[in-house]
1. Restricted to the stretch B:335-358, and to residues that are surrounded by fewer than 24 Cβ atoms within 10 Å (Cβ to Cβ) and of a type outside the set (Val, Ile, Thr), which residue is nearest to the ligand (Cβ to nearest atom)?
2. Taking the stretch B:311-349 as the search range and keeping residues that are polar (S, T, N, Q) and either modelled with pLDDT of 95 or more or closer than 30 Å to residue B:384 by Cα (or both), which one is nearest to the chain's Cα centre (by Cα)?
3. Taking the stretch B:413-434 as the search range and keeping residues that are more than 19 Å from residue B:370 (Cα to Cα) and surrounded by fewer than 20 Cβ atoms within 10 Å (Cβ to Cβ), which one is farthest from the ligand (Cβ to nearest atom)?
4. Name the single residue that is farthest from the chain's Cα centre (by Cα) among those in the stretch A:56-88 being of a type in the set (Phe, Trp, Tyr) and under 19 Å from residue A:30 (Cβ atoms).
5. Tell me yes or no: at least one residue of the stretch B:40-63 is within 16 Å of the ligand (Cβ to nearest atom), assigned to a loop (DSSP other than H, G, I, E, B), within 13 Å of another protein chain (Cβ to nearest Cβ) and on the phi < 0 side of the Ramachandran plot.
6. Where the second residue is among the charged types (D, E, K, R) and within 16 Å of the ligand (Cβ to nearest atom) and the first is within 14 Å of chain A (Cβ to nearest Cβ) and more than 14 Å from residue B:459 (Cα to Cα) and lies in the stretch B:337-362, which pairs have Cβ atoms under 8 Å and are six or more apart or on separate chains?
7. Check A:145, A:173, A:136 and return the single one that is on the phi < 0 side of the Ramachandran plot, in a helix (DSSP H, G or I) and among the β-branched types (Val, Ile, Thr).
8. In this structure, is residue B:328 within 14 Å of chain A (Cβ to nearest Cβ) and assigned to a loop (DSSP other than H, G, I, E, B)?
Amino acid sequence: MDKFTTHTGTAVPLRRSNVDTDQIIPAVYLKRVTKSGFEDGLFSAWRQDPDFVLNQPERQGATILVAGPDFGTGSSREHAVWALQNYGFKVIIGSRFGDIFRSNSGKAGLLIAVVDQDEVEQLWQATEADPALQLTVDLKERTITAGGRVITFQIDDYTQWRLLEGLDDIGLTLRHEDKISAYESRRPSWKPATLPIKVASDS
Amino acid sequence: MGKTLIEKVWDDHVVHSAAGEPDLLYIDLHLVHEVTSPQAFDGLRSAGRQVRRTDLTMATEDHNTPTIDIDKPIADPVSKLQVDTLRANAEEFGVRIHSLGDIDQGVVHIIGPQLGITQPGMTVVCGDSHTATHGAFGAIAFGIGTSEVEHVLATQTLPQAKPKTMAVNVVGELPEGTTAKDLVLALITQEGTGGGAGYIVEYRGPAIEKMSMEGRMTICNMSIEWGAKAGLIAPDRTTFDYLQGRPHAPTGADWDAAVEYWTSLRTDDDAVFDKEITLDASALTPFVTWGTNPGQGAPLGAAVPDPASFTDPVDRAAAERALEYMDLEVGQPLREIKVDTVFVGSCTNGRIEDLRLAASIVEGRKVADGVRMLIVPGSARVRLQAMDEGLDKIFTAAGAEWREAGCSMCLGMNPDQLAPGERSASTSNRNFEGRQGKGGRTHLVSPAVAAATAVTGTLSAPADLN
Ligand code: SF4
């Protein structure tokens, strides 16, 4: 996982509440065997509508989603996070998020920045007035800078630390790699191994 | 204070522990199949990581593979994509794989024990909820999600909070004509589908000690169906005899060292479990399910229960809904329920002992008119052994279909499915709505009841046949 320090980009205002993970990515898109390529399923029902905010030309290349309250509720599918990342989002700003979605995001390196709903409203208005407005998200300082205004967001210390260090679950475990190796050197030699392959001699 | 078997195995695998953190557990064996592994390998690839211990990893194709025409390309595009992806991933990462057509291919929980790779005192994981099957050898074995599959592939460890311990004390002995499956179905009905939640359980007592490894695997297999994270049985002479001579079992001095360690894997007399429950085996008769979860079961001699007889309102509502889905009448004798299909197979009851038992009952008899009986061996080797013993001929002479190995109708991901409204007697482990095909109705049964049911066309025990 890449380290997250600061990120600057344009934003998409998504004026909808209770966007569950089925709306983020419907089940029919879950058949893929990779963690990539899910961008085509992102908000797929809404994207059929040419007026949907993601379809507007001035929103192309945006990397920050400003979401409504209770974003990412519902099914635990990790694909919702992958779809947002595959599309190019690095940060989701909102006032309230589904628990599993927020935890899945932290593990995958997608920053969830929690601010008050008033601030969400102000960010919506600012980016609607000026689609080219650049937002800068500073994880260390926990701030979002938009057109000279600085607002503070919330994130738990542990997730902040993991994102700053670029540690996913595997990365965290590998910090104990010396202990894993030491354990391996202590394992009895008769413990079974799958390799080399042994085949029953009879039948 | 002494330790339980569960604590002994757990403690032997802790790589790192710290207050407020889950233990980091070393994983001795990681089994992989086509459905839950693709994103895990993709995650490794995008992070530039390798499989840390290919020598502790093994893959097989089972969940959505066909059971006929296995020499032809897989017809279903999603299955084909998943199988092809697993093959490519195994090749790229150097993972051992048993593909369709290979002599050691089969249901993931059948092939580990059969190869002697599942041994006492191990930790075993797989992206599949019935991994507890391997607990029959005195191993801590449990199912994991795809992110965890990736974690184990990369690190050979898994962060795990230590669950509580429970003893299931089975008193008395199984009466003639009842099997491990009847015992575990009765246990789940007694405890409910959530009764084991938060626990690793140890099954103990004379009925368990007398049981074959096959029977023990059937019991441990269904641990998840009453909510337990894992279920295990202390290794003993039966376990050692089963393992000795298998391809991956230790030999010579290694065998002696292994047996010495395995022999220490018993719950100490003064150890204390967080919870203990008791089940009386001597009172058991053949047991079947009537509902849509494995806890909705009753003795075969009983009738469909009245939902009003359940005191818990949640259970009552669940029973009402189940009877509607299952199209059953209150008070209808279970023996009068007609089935369309009988499925013998799965990691619960797809081993040689199960096929022998079913064959002994259909031998010289005919599958009832209008009933389809599907025999799906749990592995290619079980299939070959059964053919060596002539079991396939007994089944086909009776009018049953003899198939290739795989999960098949256990979960209906391949073409072996119930049609909407069809009813089965199945030796598998889940009777959920639609599990064996959309709109299909499943009664979980033992291989003996399955075989007798195939002959009569209604839920029956072998004793009903004469
Ligand atoms: S046989 Fe059924 S329960 Fe066993 S691994 Fe296959 S699908 Fe899962």
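1. B:353
2. Initial filter on the stretch B:311-349 (polar (S, T, N, Q)): B:311, B:332, B:341, B:346, B:348-349.
Still in the running and either modelled with pLDDT of 95 or more or closer than 30 Å to residue B:384 by Cα (or both): B:332, B:341, B:346, B:348-349.
Details: B:332: 30, B:341: 20, B:346: 7, B:348: 4, B:349: 7 Å.
Applying the filter and picking the extreme gives B:348.
3. Residues of the stretch B:413-434 more than 19 Å from residue B:370 (Cα to Cα): B:413-415, B:427-434.
Of the ones still in play, those that are also surrounded by fewer than 20 Cβ atoms within 10 Å (Cβ to Cβ) are B:415, B:432-434.
Working: B:415: 15, B:432: 11, B:433: 16, B:434: 14 Å.
Ranking the qualifying residues of the stretch B:413-434, first place goes to B:433.
4. Ranking the qualifying residues of the stretch A:56-88, first place goes to A:87.
5. The first filter runs over the stretch B:40-63 and keeps only residues within 16 Å of the ligand (Cβ to nearest atom), leaving B:58-63.
Right, trim to assigned to a loop (DSSP other than H, G, I, E, B) and you get B:61-63.
Checking which are within 13 Å of another protein chain (Cβ to nearest Cβ) leaves us with none.
No, that holds for no residue.
6. That search, which allows pairs on different chains as well, returns B:352/B:214.
7. It is A:173.
8. Numbers: within 14 Å of chain A (Cβ to nearest Cβ): no; assigned to a loop (DSSP other than H, G, I, E, B): yes.
Criteria not met by residue B:328.
The values are calculated or read from the model by the stated rules, or taken from the named source; none is laboratory data. Keep in mind that this is a model prediction, so the values were computed, not measured. Cβ sites come from the backbone with ideal geometry, for glycine too, and all protein chains shown count toward neighbours.
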